[in-house]
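Notes for the one structure printed next.
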Amino acid sequence: MKAVTRRIGIMGGTFDPIHVGHLMTAEAVRDEFGLDKVIFVPAAVPPHKMDQQVTEARHRYLMTVLATTSNPHFDVSSIEMDRPGPSYTIDTIYELRRQYGENTDLFFITGADAIAEIPTWDRIEELLGLCQFIAATRPGFLPNVDNIKEYFGELGSARIHRLETPELEISSTNIRDRLKRGFSIKYIVPPAVEDYIYKEGLYK
Ligand code: ATP
Ligand code: MG
């Protein structure tokens, strides 16, 4: 008898801080693609953000935990923070494959901006063989996910998927900016994350 294949989503990011755009996207993808769960994986040192100031990993990890506790289908993994050096997705996917075994389909979830970058990622064709990609976008949003699919030819059409989500114009950059200016971030991040940010005095 063939074992049932599990379908697991992986939401990678800096989560500096996590916001409702991340959460709504992950939930929409989970529903649409029938995923059993979504694992949020905060990056320790994002390779593309090495020249930027990023908040301490433990704060970003804790905020991600606080933001996801109310969803029984959401989990958080410290896998990239437990590993020294920059976080390459390929290493993370190999590790998750080891943890979850062969009877699991892995889906890496990204926003439209992040999918446009994947041609520059480390060992991307090998990565596409290990996990499928789901790019969350909305009608008319550039960059065009179809162009990225075409770029990878057959591999792209088989392993990269697009989902139109009612995406919000929310980014962590915008939230950090609002906090610096003393503006409210109510309803943009979950209340527990908002409380944590003020308690720890982050993003001043
Ligand atoms: P920053 O502004 O610091 O880059 P960010 O809001 O883009 O932060 P990241 O942690 O960089 O957040 O993003 C993690 C993942 O979530 C990426 O794949 C990104 O495309 C996606 N994402 C971020 N914001 C949204 C949003 N509002 N809707 C859908 N996807 C999003
Ligand atoms: Mg980003």
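The values are calculated or read from the model by the stated rules, or taken from the named source; none is laboratory data. A quick note: this is a predicted structure, and the numbers were derived from the prediction, not measured. Glycine gets a Cβ as well: all are built from the backbone with ideal geometry, and neighbour counts include every protein chain shown. Surface accessibility is based on the protein's heavy atoms, side chains included, excluding ligands, DNA and RNA. Shrake-Rupley method; radii C 1.70, N 1.55, O 1.52, S 1.80 Å.
General observations
- Inter-residue pairs, beta-carbon under 8 Å, first closer than 20 Å to F107 by Cβ and in the stretch 78-90, second of a type in the set (S, T, N, Q) and surrounded by 17 or more Cβ atoms within 10 Å (Cβ to Cβ), 6+ apart: I79/T92; E80/S87; E80/T92
- Applying the condition of being under 28 Å from E117 (Cβ atoms) and basic (K, R) to the stretch 153-199 and asking which residue is nearest to ligand 1 (Cβ to nearest atom) yields R176.
- Residue count for the stretch 1-18 satisfying the condition of being within 19 Å of R58 (Cα to Cα) and surrounded by fewer than 23 Cβ atoms within 10 Å (Cβ to Cβ): 3.
- Screening V45 on (1) away from ligand 2 (no atom under 16 Å from the Cβ); (2) surrounded by fewer than 17 Cβ atoms within 10 Å (Cβ to Cβ) shows it passes everything except condition (1).
- Residue in the stretch 59-82 that is within 20 Å of I134 (Cβ to Cβ), open to solvent by 40 Å² or more (accessible area, probe 1.4 Å) and within 16 Å of ligand 2 (Cβ to nearest atom) present: no
- Test: residue in the stretch 87-107 that is open to solvent by less than 20 Å² (accessible area, probe 1.4 Å) and within 20 Å of T137 (Cβ to Cβ): yes
- Applying the condition of being hydrophobic (A, V, I, L, M, F, W, C) and more than 20 Å from T68 (Cα to Cα) to the stretch 159-191 and asking which residue is most open to solvent (accessible area, probe 1.4 Å) yields F183.
- Summed over the stretch 146-177, the residues that are within 16 Å of ligand 2 (Cβ to nearest atom) and either part of a helix (DSSP H, G or I) or free of Cβ contacts under 8 Å to residues at least 60 places away in the same chain (or both) give a count of 7.
- Among the residues making up the stretch 113-139, those that are under 14 Å from the mean Cα position of the chain (by Cα), surrounded by 20 or more Cβ atoms within 10 Å (Cβ to Cβ) and assigned to a helix (DSSP H, G or I) are I115, I118.
- Every pair of residues 6+ apart whose Cβ atoms lie under 6 Å, when the first sits in the stretch 96-116 and is more than 13 Å from ligand 1 (Cβ to nearest atom) while the second is at pLDDT 95 or above and in a loop (DSSP other than H, G, I, E, B): L106/C131
- Qualifying residue in the stretch 105-113 (condition: among the acidic types (D, E) and touching a strand residue (DSSP E or B) at 6+ places or on another chain (Cβ under 6 Å)): yes
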